[in-house]
Amino acid sequence: MALKEIVEQTVIGLGYDLVEIERSAGGLLRVTIDLPWLPPVAGAAVPEQFVTVEDCEKVTRQLQFALEVDAIEYKRLEVSSPGIDRPLRHQQDFERFAGQVVDITLKAPLGAAASGQVNANRKKFRGVLERAEQIVGADAPVAGSWQIVWRDEPEAKPGARISKKRAQAPLQALGFTLDELRDARLAPIVSFKGRGHAGGLDASNEEFESN
């Protein structure tokens, strides 16, 4: 059985979501897990929950056994919770983090599809993640499509004061589907308000490493 299948079956079988698998130099196998996400029910408050060290230890023990059975070679195993730049890979990830600030990289530059305000060679964007249906006046959205919304504000010079009367840069929106993305991650913006706030993330990261 392939490494990804072993890890995925083990993690999901223990009741967690598999976020990412990485093999690094020196034989390090890094596995990132998260707690399953359920869409919120209207009117019901859902408390925030995070992966603990105990969760990482439990997954580590089970993975060690499963990897040994299938003779998968590695020197060190590290199981951790997602960091502040959590990758977004599946449709459910985008639904879960709608309203947050994300960084996306397109597989190909915009080219002819670029607006007059966006460089046609640009592939990287940072903005607030929204469902594509929220585009005002847009045609019917493609199923599974999303958009990010941002303002390209000019960088302020060190020590310079920004006038409150200065006009804001125009709001821009970029629609995309998951197939068009090379990479998508939560923007690494630290906030102690928690994930439930737009642009905010939990700054904690739990991990457990085993030799």
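The values are calculated or read from the model by the stated rules, or taken from the named source; none is laboratory data. Predicted model only: the values in this text are computed from it and were never measured. Reconstructed Cβ throughout: ideal geometry from the backbone, glycine too, with neighbour counts over all protein chains shown. Heads up: the accessible areas ignore ligands, DNA and RNA and are worked out on the full protein's heavy atoms, side chains in. Shrake-Rupley method; radii C 1.70, N 1.55, O 1.52, S 1.80 Å.
Taking the criterion of being over 14 Å from residue 89 (Cα atoms) and not aliphatic (A, V, I, L, M), the residues of the stretch 11-36 that qualify are 13, 15, 16, 22, 23, 24, 26, 27, 30, 36.
Residues in the stretch 1-32 that are touching a Ser or Thr at 6+ places or on another chain (Cβ under 7 Å) and under 26 Å from residue 98 (Cβ atoms): 19, 20, 32. Tell me, please, whether a residue that is touching an Asp or Glu at 6+ places or on another chain (Cβ under 6 Å), of a type in the set (Val, Ile, Thr), modelled with pLDDT of 95 or more and in a strand (DSSP E or B) can be found in the stretch 104-118. Scanning the stretch 104-118 turns up at least one residue that is touching an Asp or Glu at 6+ places or on another chain (Cβ under 6 Å), of a type in the set (Val, Ile, Thr), modelled with pLDDT of 95 or more and in a strand (DSSP E or B). Taken together, the residues in the stretch 87-102 that are open to solvent by 70 Å² or more (accessible area, probe 1.4 Å) and either in a loop (DSSP other than H, G, I, E, B) or in contact with a Pro (Cβ under 7 Å, 6 or more places away or on another chain) (or both) amount to 2.
If I filter the stretch 157-177 for residues that are within 25 Å of residue 49 (Cβ to Cβ), modelled with pLDDT of 70 or more and open to solvent by less than 60 Å² (accessible area, probe 1.4 Å), do I get at least one hit? No, that holds for no residue.
Residues of the stretch 123-154 being open to solvent by 60 Å² or more (accessible area, probe 1.4 Å), at pLDDT 65 or above and either acidic (Asp, Glu) or part of a loop (DSSP other than H, G, I, E, B) (or both), which ones? Within the stretch 123-154, 123, 133, 152, 153, 154 qualify.
The single condition among (1) modelled with pLDDT of 90 or more; (2) over 23 Å from the mean Cα position of the chain (by Cα); (3) polar (S, T, N, Q) that residue 100 does not meet is (2).
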